[in-house]
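Have a look at the structure below, then the notes.
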Amino acid sequence: MSFWPYYGLQRGITTTAWPDGAEDSAGITPGRPCALQTGHAEEIAAACPTQALKAVSQAGRDGVAVDFSHCIHCQRCRHGDNALPWSTDFSWGAPSAAARPALESRFTRSLQVLYVDAGACGACVNEVRLIDAPPYNLHRLGIFVTATPRDADVLLVAGPITDAMRTAISKAYAAMPEPKRVMGMGTCAIHGGVFGESFACAGGLEKIVPVDLWLPGCPPPPLAIIHGLLSLVGRVTPAALEEQP
Amino acid sequence: MSIPKTLQEWLQSIPNLQMQKRSEQWLQLLCSAEQLPALTRHLMEEEEAEFATLLVEESADALSVHYLFYLPATGNLIELKVEAPAGTELPAISDTVHAADWHEREAWDLYGLRFSGHPFLGDFVLHDDDWPEGLDPMRRSFDGKHRPDLHGSGADWAPPRLLQEEGAMVFPVGPVWGDFNESGLWLLETPGEQIRYLHTRLFYKYRGVEKIAEGRTVDQGLLLAERFAGAAAFAHAWAYCQALEQIAACQIPTRAQQLRIVFAELERIRHHAANIAEIAGSTALSVAKALAQGIVEDLLRLSARLCGHRYFFGVLTPGGLREDLDEGKIKLLRQTLPELDQRMQQLEKHLEGSSSFLDRIEEMGTLSNELARIYGVVGPIARASGRSIDLRRHLPYGQYVFLSPDVPVEQEGDGYARLRIFFAESRISVKIILDLLPFMAEGPVQSPCPIQEGHALSWVEAPSGATFHWLRCTGDGTITRLRLGTPGFRNWHAFERAIEGAAFQDFPIILATWGLSIAENDR
Ligand code: SF4
Ligand code: SF4
């Protein structure tokens, strides 16, 4: 038993240097499609099963715009003759249209997060579980996970908002002290993802509580989740939900 | 293999039983409601059949109910099909096939199909306090696109209380609880310290996947199959693709068959490593948890490097795989896997040397062999309770026909047995992959899989156990029925039995040693 600290030390430091340093380890993010100027915009857009790609025409030039809030990482636009370029970044957190300003400085080194699962498939759950694992070590950033809404500054919700979780989400939100922020994680939380709106799912967190930050991705990798949380306290530059060619 | 002779003869002796051979392997019996109990009893008691799943399909004026069994000894599928005209009841089979208990409750909730003799119908998939009485969402007449206007009473729902003792209380856990847990509600009935009964209430995550799949294209169905239980995305996508391939009689290129095994086994290792991390975490052994999580993370990165996605989304396509693995990637796999395997083995050794850790999982959350059989549990849970069943061996699909992987079995059925199974299976999966790599066939990884009208039953041994998908589609590729028979749904059923008698503080530990996915159960 007493050997455990030693076994831990043996592995050495595995924690990423990000956000202070760069991070480009292979496989740390699946990446995502980039907007592109192309003559095949219509074809490319038609091949996306979720209408996340749109053919647009600006100043006489055609291209494909990406709406990340609908992208489910099906990878169909990644291969083949008309493949789009894919970025290898993970700075995906984007303010919602109704976003409140970033939390003030006293939260930047002490932020408490309450995670609520509202129908997330195991992938989002698994990624969120890794944010406080050694490779990512959330605690070093002064962000902590709490199990009670009374302590929480941020409500982090994943999944397409199932019917039976509506009440739990609004109750949790109501029980949180002000100031508070809400982050919807994964494409499901934004518009319902592949599940959409149905008899069983609200298809979007905004229908239940006000949302400040969207984190697209299916699933967003751990660093993207951390990017989202840091965006809420203004420690990193947020991204946008859409990209124009 | 063909149907056992004794069974054939017995079946032929039954009057008015229509038999139809769907394939060499699959025998369909059209029986009446009255014949159902005797048939199931015979299958279970004389033929040692395993219950696969139960599914309902709706036609113009009747519901047809398919009871699917398989014979592990011969690899045959037996389907009992019963017609239930509107308003009729069927005899519950759950008194002989206890594994069908939850299936019958589900069919009552979603189709309004009543099973006579079933002791406990109601408040299951649809929560009574939420959902209007008498509305059956899986029926064709129900519009699944919108939330019904009518809603439940809103009154607080109260479970049946079994423990009638002075000072007895019900301690609720969930639906929002702990740091990063899936949503579900557990009501622990206790006189103080010991949990006497557990009442599990799931389906807080019910997304109605089977309903919303209807009317979508088979292509969109694949996206759903991948995403309703993302921790086993590849397994479910594979089962789904197999169904389409069966309908189209499509032959998969050998290389694609082999690569599917590589990915499926990688997913199994990652799934088990994640469970091991949770087990270590539940006992507050944070270094062990961290080491296991490190392995999980490295496996996820490996997956992303191989196929672009950490959870294998978008890798499968009916007819094969979307992309091949080039030499460089095969080499990466060959180099990375042994090191990860070694880290797993080391972790296992360290854990086995931690007596205070073992104290907390030994004789904890025990499911006896008898109960495992009665509940028909599947996957690692079954194998930790002495049931040697694995579809890769007993109903082999794809290249598993040639591989017949080892199936580790433990007898104790406790938390420690399950931990050992998770480790042993990961080790075997590593070996399967490394043994396969030198023999990779050359050639394409995709063959055409035209869309055709039809239906099929397909199966895979997902990381958490036997999974059965039933798909019916029209000639233009519209899904008319998708049944997802998941291991989560099977195993959660038995979980309550492993809790009774445990101490309060052991609940999260037992939960972790079972490692069950709620997303997979709720669908
Ligand atoms: S990866 Fe995203 S943008 Fe590309 S085709 Fe799939 S859903 Fe559309
Ligand atoms: S966004 Fe994708 S990964 Fe996350 S819960 Fe939804 S389907 Fe799963």
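The values are calculated or read from the model by the stated rules, or taken from the named source; none is laboratory data. It should be emphasised that the depicted structure is a prediction, and the values quoted were computed from it without experimental measurement. Methodologically, a virtual Cβ is constructed for each residue, glycine included, from the backbone with ideal geometry; neighbour enumeration extends over all protein chains shown. Just so you know, the surface numbers come from the protein's heavy atoms only, side chains and all, with ligands and any DNA or RNA stripped out. Shrake-Rupley method; radii C 1.70, N 1.55, O 1.52, S 1.80 Å.
Once segment A:27-46 is narrowed to residues that are within 14 Å of ligand 1 (Cβ to nearest atom) and closer than 27 Å to residue B:300 by Cα, the residue that is farthest from the other protein chains (Cβ to nearest Cβ) is A:35.
The test for being among the acidic types (Asp, Glu) and away from chain B (no Cβ under 14 Å) holds for residue A:206. Filter segment B:346-395 down to the residues that are hydroxyl-bearing (Ser, Thr, Tyr), open to solvent by 20 Å² or more (accessible area, probe 1.4 Å) and within 14 Å of another protein chain (Cβ to nearest Cβ) and list them by number. Scanning segment B:346-395 gives B:355, B:356. Summed over segment A:175-188, the residues that are among the aliphatic types (A, V, I, L, M) and within 13 Å of chain B (Cβ to nearest Cβ) give a count of 3. When residue B:246 is tested against (1) open to solvent by 10 Å² or more (accessible area, probe 1.4 Å); (2) closer than 16 Å to residue B:315 by Cα, exactly one condition is not met: (2).
Scan segment B:131-149 for residues that are modelled with pLDDT under 85 and surrounded by 19 or more Cβ atoms within 10 Å (Cβ to Cβ) and the total you get is 1. Residue count for segment A:17-50, restricted to those that are under 25 Å from residue B:313 (Cα atoms) and either among the hydroxyl-bearing types (Ser, Thr, Tyr) or within 16 Å of ligand 2 (Cβ to nearest atom) (or both): 9. Applying the criterion of being more than 9 Å from ligand 1 (Cβ to nearest atom) and within 15 Å of residue A:239 (Cβ to Cβ) to the residues of segment A:52-89, the residue that is most open to solvent (accessible area, probe 1.4 Å) is A:88.
Residue check: residue B:460 meets all listed conditions (1) modelled with pLDDT of 95 or more; (2) part of a helix (DSSP H, G or I) but one, namely (2). In this structure, residue B:283 qualifies as of a type outside the set (A, V, I, L, M), touching a residue at least 24 places away in the same chain (Cβ under 8 Å), crowded, with 23+ Cβ neighbours inside 10 Å and away from ligand 2 (no atom under 16 Å from the Cβ). If you scan segment B:303-345, which residues turn out to be within 11 Å of chain A (Cβ to nearest Cβ) and part of a loop (DSSP other than H, G, I, E, B)? The answer is B:308, B:309, B:310, B:311, B:312, B:313, B:314, B:315, B:322, B:323, B:324.
So for segment A:221-242 (the condition being more than 16 Å from ligand 2 (Cβ to nearest atom), within 14 Å of another protein chain (Cβ to nearest Cβ), assigned to a loop (DSSP other than H, G, I, E, B) and at pLDDT below 95), does at least one residue qualify? No: segment A:221-242 contains no residue that is more than 16 Å from ligand 2 (Cβ to nearest atom), within 14 Å of another protein chain (Cβ to nearest Cβ), assigned to a loop (DSSP other than H, G, I, E, B) and at pLDDT below 95. Give me the residue from segment B:150-182 that is open to solvent by less than 50 Å² (accessible area, probe 1.4 Å) and away from chain A (no Cβ under 14 Å) and, out of that set, modelled with the highest pLDDT. Taking the candidates together, the pick is B:170.
Of all residues in segment B:59-90, those that are surrounded by 18 or more Cβ atoms within 10 Å (Cβ to Cβ) and over 22 Å from residue B:394 (Cα atoms) total 5.
Cβ-Cβ distances below 7 Å connect the following pairs, each with a first residue in segment A:57-77 that is within 12 Å of ligand 2 (Cβ to nearest atom), a second residue that is among the acidic types (Asp, Glu), and a separation of six or more residues or different chains: A:68/A:242.
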